[in-house]
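Since every read-out is calculated from the coordinates, none of them should be taken as a lab result. Since this is a predicted model, take the numbers as computed values, not measurements. Here Cβ is always computed from backbone atoms with ideal geometry, including for glycine, and neighbour counts include all displayed protein chains.
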Amino acid sequence: MSYQIIFDEIILNQLKKLGEKEKIRTILSKMFDKIEMLGPRAGKLVDSQLFIYEIKSKSPPIRLYFKHKRDSNNIYVFEYELKTSSDKQNKTVNKLRDKSQRLF
């Protein structure tokens, strides 16, 4: 089964800003491929009620957040961030929870 990826405005703006950062673009592209093939199994579940997942890269430390829409097998990619601290991660996850509840 393959999953369809739908990009949020935030991730699209982030991708436009990447420009010359080829290494990050390559890593994100591999993450997108993995998500298309494995769907939610590609990441770690960070919110079990809203089905928000996170997929990580170690070098450079990137976290990419996505939501699995179970009824259609669509994957909504929200945004990525360079890992800085667990506080920043918690703020991002809380922001995505709010956004997910408004959109879905």
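A few notes on this one:
- Highest mobility in the GNM of the chain, judged by mean-square fluctuation with C-alpha springs under 10 Å and restricted to E20, E54, E79, is found for E20.
- Against the empirical curve 2.2 N^0.38 Å, the C-alpha radius of gyration of region 16-104 lands at a ratio of 1.06.
- This ranking places V77, V46 by how few other beta-carbon atoms lie within 10 Å of each, fewest first, which gives V46, V77.
- Taking trypsin sites (Lys or Arg not before Pro) in DSSP loop states with no more than 12 other Cβ atoms inside 10 Å as exposed sites, the chain has its longest site-free stretch at 22-57.
- Over the residues of the chain, the helix contribution to mean residue ellipticity at 222 nm works out to -14000 deg cm²/dmol, using -39500 (n - 2.57) for each DSSP H run of at least 4.
- Partner aspartates and glutamates for K21 [C-alpha distance under 15 Å; skip if fewer than 8 residues away on the same chain]: E81
- Taking every Cα-Cα distance in region 1-51 and sorting them into 5 Å bins from zero, the calculated P(r) comes out as 4, 17, 20, 26, 20, 9, 3, 0 percent.
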